[in-house]
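Take a look at the structure below.
The values are calculated or read from the model by the stated rules, or taken from the named source; none is laboratory data. Worth saying up front: this structure is predicted, and the values here are computed from it rather than measured. Cβ coordinates were reconstructed from backbone atoms using ideal geometry, including for glycine residues, and neighbour counts include every protein chain displayed. Areas reflect the complete protein model, heavy atoms only, side chains present, ligands, DNA and RNA absent. Shrake-Rupley method; radii C 1.70, N 1.55, O 1.52, S 1.80 Å.
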Amino acid sequence: MSGELPPNINIRAPRWDQSTFIGRANHFFTVTDPRNILLTNEQLEDARKVVHDYRQGIVPPGLTENELWRAKYIYDSAFHPDTGEKMILIGRMSAQVPMNMTITGCMMTFYRTTPAVLFWQWINQSFNAVVNYTNRSGDAPLTVNELGTAYVSATTGAVATALGLNALTKHVSPLIGRFVPFAAVAAANCINIPLMRQRELKVGIPVTDENGNRLGESANAAKQAITQVVVSRILMAAPGMAIPPFIMNTLEKKAFLKLQRPDVPLCKDVLIWAFTLNMTRLLCKHEMN
């Protein structure tokens, strides 16, 4: 191998020590860096070339270690780890903060009317379907029918849960009503994820030894993994959807936030809280992995 870099940098593994919380946080903040969605196709292809060349023992003159790691994380943010295909933009991990903060904020703001519930639950489940499809296992591709079944079922489940709970909470404290979007999201996750990854449950997922050698496929491993994903998705939604109702319910009672038209939603304030708590959720997500 020629060039300035040593030949033994393992760019298939994270740059930071994953046995520490700080190391996991640094890794995950880099993976989910929203700036990566602004990169051009040329920049993405350049990063892919650097990564592929380095793995083949080719190092461009003048390439530094920091540049190599930057290329690795750009590559990981845009290309599927199994298939190597370029992923759908809004399905990439770098799109999670801006997309989730917007959708979550709007679901928690516009939850009082049936049209609003239908629209934002549909938007949320459409986004979730794109994320799940984009990050599916490359060893168990979904058919169009399986994808459609998962999408329709999750959307129906979310809308039915939201509308049903809205009807039940009309005569209780407004604070209780603010938790309806969270309940709808939790219900939809229980439907969407298993259906979206149903082929993995049938075929199994790859199992490797401690050296990364592939041993075969396991349906039991798939069941365990998908169960963990469902639980973690619900827990990850909790900070951004269960804490703001208390905060916003308190703030709306303050004189400086009282509006002449009570039906005008405080979308700006909720989006701020959704952004802040989504950043907290990112740390929680990698800590659970």
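With the condition kept exactly as written, say whether any residue in segment 112-135 is farther than 25 Å from Leu38 by Cα, assigned to a loop (DSSP other than H, G, I, E, B), open to solvent by 60 Å² or more (accessible area, probe 1.4 Å) and at pLDDT below 80. Yes: segment 112-135 contains one or more residues that are farther than 25 Å from Leu38 by Cα, assigned to a loop (DSSP other than H, G, I, E, B), open to solvent by 60 Å² or more (accessible area, probe 1.4 Å) and at pLDDT below 80. Among the residues of segment 77-92, those identified as in a helix (DSSP H, G or I) and either of a type in the set (Ser, Thr, Tyr) or buried (at least 22 other Cβ atoms within 10 Å of the Cβ) (or both) are Ser77, Ala78.
Note on segment 61-76: residues that are part of a loop (DSSP other than H, G, I, E, B) and either at positive phi or open to solvent by 50 Å² or more (accessible area, probe 1.4 Å) (or both) total 3. Of these, Gln43, Gln18, Gln56, which one is free of Cβ contacts under 8 Å to residues at least 12 places away in the same chain and surrounded by 14 or more Cβ atoms within 10 Å (Cβ to Cβ)? When all the criteria are applied, what remains is Gln18.
Number of residues in segment 200-216 that are farther than 30 Å from Asn100 by Cβ, modelled with pLDDT of 75 or more and out of contact with any strand residue (DSSP E or B) (no Cβ under 9 Å at 6 or more places or on another chain) equals 0. Against the condition buried (at least 17 other Cβ atoms within 10 Å of the Cβ) and either modelled with pLDDT of 85 or more or in contact with a Leu (Cβ under 9 Å, 6 or more places away or on another chain) (or both), how does Leu5 come out, does it pass? Spelling it out, it is not the case that Leu5 is buried (at least 17 other Cβ atoms within 10 Å of the Cβ) and either modelled with pLDDT of 85 or more or in contact with a Leu (Cβ under 9 Å, 6 or more places away or on another chain) (or both). On inspection, Leu259 passes the criterion of being out of contact with any Leu (no Cβ under 6 Å at 6 or more places or on another chain), modelled with pLDDT under 65 and either surrounded by fewer than 13 Cβ atoms within 10 Å (Cβ to Cβ) or assigned to a helix (DSSP H, G or I) (or both). Please enumerate the residues belonging to segment 188-205 that are open to solvent by less than 50 Å² (accessible area, probe 1.4 Å), farther than 19 Å from Gln121 by Cβ and of a type outside the set (D, E, K, R). Once the filter is applied, which keeps residues that are open to solvent by less than 50 Å² (accessible area, probe 1.4 Å), farther than 19 Å from Gln121 by Cβ and of a type outside the set (D, E, K, R), segment 188-205 yields Gln198, Gly204, Ile205. Taken residue by residue, segment 217-227 has no member that is at pLDDT below 75, buried (at least 17 other Cβ atoms within 10 Å of the Cβ) and farther than 27 Å from Phe21 by Cβ. Looking across Gly105, Gly148, one residue alone is over 29 Å from His27 (Cα atoms) and either part of a helix (DSSP H, G or I) or modelled with pLDDT under 80 (or both). It is Gly148. Answer yes or no as to whether Arg48 is part of a helix (DSSP H, G or I), closer than 21 Å to Leu89 by Cβ and not aromatic (Phe, Trp, Tyr). Spelling it out, Arg48 is indeed part of a helix (DSSP H, G or I), closer than 21 Å to Leu89 by Cβ and not aromatic (Phe, Trp, Tyr).
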